[in-house]
1. If the only charges are +1 at each Lys and Arg Cβ and -1 at each Asp and Glu Cβ, what is the size of the charge dipole of the range 90-157 around the Cα centre, to the nearest 20 debye?
2. On average, how much area does the Cα convex hull of the range 103-143 cover when viewed from any direction, in nm²?
3. Using only Cα atoms, find the angle between the long axis of helix 77-87 and the longest principal axis of the chain, and express it within 0 to 90 degrees, rounded to the nearest 10.
4. Among 150-156, 34-40, how do they line up from the highest to the lowest mean number of other beta-carbon atoms within 10 Å?
5. Tell me which of Asn48, Ser88, Gln109 sits at the most positive position along the dipole axis of the range 35-134, charges placed on C-beta atoms (Lys, Arg +1; Asp, Glu -1).
6. Just to make sure I understand: if all protein chains stay in place, what is the order of Ile23, Ile53, Ile28, Ile146 by accessible area at 1.4 Å, largest first?
7. Highest GNM mean-square fluctuation, the chain, Cα pairs closer than 10 Å: which of Lys26, Lys71, Lys144?
8. Please report, as a whole percent, how much of the solvent-accessible surface of the chain comes from carbon and sulfur atoms (probe radius 1.4 Å).
Amino acid sequence: MKNKKNNLYYKVFEKPCSVCGEIIEKDIYEQGDCQNCKWKNNHFADINPNNVIHPNLISLNKARQLYKEGKPFEPNLDEFLEALHGYSEMQFEYNGVYYAVELVFENKQAIKISLYNSQTKEMIYFNNDEEFKSNAKVEGKLLKDIWSETTDRYWLQ
């Protein structure tokens, strides 16, 4: 068995967080959680700062701006849907009820987006992101109009 101590893949490097600049421990892939700002650092976000990259739900550039403003790292509806296409399953909470948003696949291609109410067990389907953004309703209200009131926006737990 190889010695982990001398293996580059197990080494930890002290480097600045990509959002706040605090010195944190990162691995060879630039991954490392920042205890200061809570950003989950990774190489792909660093080279694609305008895209939502796993494991975060907002882009690196938006995280930097929110950090400067002292605001939490919360995705807007567009970023939530961008993350959905990376994770395939997302969730949010509204008025104590959890909702699952999932890509429905057929032959390895996403063909619909489902919205599932964990309380009523109702599932509604949408043909694409635009239809979802325009028509998805929660408690009779358009989701796009109440998005700022939702919480616990994350990949499906």
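The values are calculated or read from the model by the stated rules, or taken from the named source; none is laboratory data. Remember, predicted model here, so these are calculated numbers, not experimental data. A quick note on method: Cβ atoms are made from the backbone with ideal geometry, for glycine too, and the neighbour counts reach across all protein chains shown. Only protein heavy atoms, including side chains, enter the accessible area calculation; ligands, DNA and RNA are left aside. Shrake-Rupley method; radii C 1.70, N 1.55, O 1.52, S 1.80 Å.
1. For this selection, approximately 80 debye.
2. Approximately 3.0 nm², given one-decimal rounding.
3. 70 degrees
4. Highest to lowest by the protection proxy: 34-40, 150-156.
5. Value computed over the given set: Asn48.
6. Working: Ile23 110, Ile53 35, Ile28 55, Ile146 10 Å².
Largest accessible area first, the residues go Ile23, Ile28, Ile53, Ile146.
7. Among Lys26, Lys71, Lys144, the largest mean-square fluctuation in the Gaussian network model of the chain belongs to Lys71.
8. Roughly 47 percent of what the probe reaches on the chain is carbon or sulfur.
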